[in-house]
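Take a look at the structure set out below.
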Protein chains: 2
Amino acid sequence: MTLYFEDLKPGRVFRSGPVTVDPAEVEDFARRYDPQDFHLDAAAGAASVFGSLVASGWQTAAYSMRMLASSELRTIVNGLVGLQIDKLMWHQPVKPGDVLNAEFDVMSRKQSRSKPGFGVVQLAWRTFNQQGELVMSLENAIWVAVREPATN
Amino acid sequence: MTLYFEDLKPGRVFRSGPVTVDPAEVEDFARRYDPQDFHLDAAAGAASVFGSLVASGWQTAAYSMRMLASSELRTIVNGLVGLQIDKLMWHQPVKPGDVLNAEFDVMSRKQSRSKPGFGVVQLAWRTFNQQGELVMSLENAIWVAVREPATN
């Protein structure tokens, strides 16, 4: 199955997960992209505003992208092409060993005026931990091809 | 030197870079977090809406975080603690071998009412490639301790 703009009706929900937050991957991500003590060292984490070793917030976003790319939305005809992110909030710290799940809701959509074969679809991402707590949420505009472009 | 809320005056600019977009790191990031063909395969990239193999947009954000964490802003007393991201836009694709630089501007700030020892500082991030083209921009609220909390 291939998803087009027409298939992404507001209200439709896509679910994905689980993903386990691998301790070695947390360390690897932190060393490469966010080398702060509270992402790398247990004692520094305990002394930080977080109170424990925590994953980089950008890694939580990356794990959520992994879940998006393994959800049914991976079948969008032109791939998952992000245009913009808004209201990205980190609600709870994510720790090594946490288990994440995600929901992606279609909020709204609009065909492009300048490129009639495409439209912009607004998704709401919500990522939860194994306690069901919301750890991250965001709004994401993606670029999706239309199955049957208007001819006028 | 250690930076506090008082030091982050609106208009102050912090610069960082360069960072080279390593082809092996692009592949590693894509396999782990964004396993789409146009991030992994040159021919699939050429046939995609991007017209070439491109890095995941989330990796551009991660590289920008690396530049933030190696800028003078790394000396913020409580570390770089992000609360929210808005208006994240991917303006141009980032390709393996590109060389990125970044600017971080203090846009505004506000002391917390509920936690008098802290404030929220709004940063604008702008990431550029080796041609000076803007590839990504965003607005980021961070949590910063106050040097001298008000006593009333």
### Summary
Scanning region A:79-93 for residues that are touching a Phe, Trp or Tyr at 6+ places or on another chain (Cβ under 8 Å) and buried (at least 19 other Cβ atoms within 10 Å of the Cβ) gives A:GLY79, A:VAL81, A:GLY82, A:PRO93
### Query
Which residues, counting only those in region A:102-129, are surrounded by fewer than 17 Cβ atoms within 10 Å (Cβ to Cβ) and either farther than 21 Å from A:SER64 by Cα or in contact (Cβ under 8 Å) with a residue 40 or more places away in the chain (or both)?
A:ASP105, A:MET107, A:SER108, A:LYS110, A:GLN111, A:SER112, A:ARG113, A:SER114, A:LYS115, A:PRO116, A:GLY117
### Task
Taking the residues in region A:57-75 that are at the interface with chain B (Cβ under 7 Å from one of its Cβ atoms) and without any contact (Cβ under 8 Å) to a residue 60 or more places away in the chain as candidates, determine which candidate is nearest to the chain's Cα centre (by Cα).
A:MET65
### Query
Counting only residues that are at pLDDT 95 or above, not hydrophobic (A, V, I, L, M, F, W, C) and not in a loop (DSSP other than H, G, I, E, B), how many does region A:79-110 have?
9
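The values are calculated or read from the model by the stated rules, or taken from the named source; none is laboratory data. Since the model is a prediction, treat every value here as computed from it, not as a measurement. Counting neighbours? That spans all protein chains shown, and the Cβs are built from the backbone with ideal geometry, glycine included.
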